[in-house]
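This report concerns only the one structure given below.
The values are calculated or read from the model by the stated rules, or taken from the named source; none is laboratory data. The structure displayed is predicted, hence computed values, not measured ones. Counting neighbours? That spans all protein chains shown, and the Cβs are built from the backbone with ideal geometry, glycine included.
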């Protein structure tokens, strides 16, 4: 057997020939990096069930992929992803879902990571969320500013925030011959399309054929799309998973798919992800 190379020790370089990941740098390299660029992206994902067809690390993979691609083009640094996440009540109970149950524990953990990245010289911190935990990450930002009094610019954003205009065009073309038939929810047409594009070998195509919720339930069952947002706050309506609570959704969606993943296509994911990356690069 030849030399085995772990995914964690394979050096990842940007287009300028410099290391992308903070954890792969020496302290000297970090000191030199912040002189060139003091922006760091902190991907915050989760480990949770995404149906029988997709990996439980999907959220973390998506966030890290976007961060790495943005860093490749811009020269910013990427911190090691926050793999585990905070979960709303509806995520609990599904096989493969590993929640950080104490919300304050999660907040304090991410806060400490960001605080000491700032101490290392990064004065602009972009917390990139790729999981349904928008309700806790802004607290991290405020605690850093108000309690820790850090002298840094901190931004909290989610990958879908950069493409809400595309996600809102359900039934309309977002590119020639490309359109989403269903709204963005969870482990569905949208998320599976994205994962299929960035990691095709991690999607089980056979199991995908049956990855569809048997029925949609919840508040205003037949009019949820009219009055309630299910994910991403795409339509600017009350947020079904945060503003309204009910029994954990494992009761209704035991396989972990909320929506219709059978309609997924990597071409749909490509349009979303490449647009997201392009816009983030322009912003940075």
Helices (runs of 4 or more DSSP H) wholly inside segment 103-192 that include at least 2 residues being farther than 25 Å from residue 84 by Cα:
164-167
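Go through segment 41-69 and report how many residues are in a loop (DSSP other than H, G, I, E, B) and in contact (Cβ under 8 Å) with a residue 60 or more places away in the chain. Let's see the steps before the verdict.
Step one: of segment 41-69, the residues in a loop (DSSP other than H, G, I, E, B) are 45-57.
Okay, now just the ones that are also in contact (Cβ under 8 Å) with a residue 60 or more places away in the chain, so 45-46, 48-55.
Summing the residues that are in a loop (DSSP other than H, G, I, E, B) and in contact (Cβ under 8 Å) with a residue 60 or more places away in the chain in segment 41-69 gives 10.
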Is it the case, given these coordinates, that residue 201 is at pLDDT below 85, assigned to a helix (DSSP H, G or I) and surrounded by fewer than 14 Cβ atoms within 10 Å (Cβ to Cβ)?
no
Out of the residues in segment 13-37 that are in contact with a strand residue (DSSP E or B) (Cβ under 6 Å, 6 or more places away or on another chain) and in a loop (DSSP other than H, G, I, E, B), which is surrounded by the fewest Cβ atoms within 10 Å (Cβ to Cβ)?
25
Sole residue being more than 25 Å from residue 279 (Cα to Cα) and either touching a residue at least 40 places away in the same chain (Cβ under 8 Å) or in contact with a strand residue (DSSP E or B) (Cβ under 7 Å, 6 or more places away or on another chain) (or both), chosen from 120, 112, 158:
120
Being within 30 Å of residue 27 (Cα to Cα), surrounded by fewer than 18 Cβ atoms within 10 Å (Cβ to Cβ), free of Cβ contacts under 8 Å to residues at least 12 places away in the same chain and out of contact with any strand residue (DSSP E or B) (no Cβ under 9 Å at 6 or more places or on another chain), is that true of even one residue in segment 70-85?
no
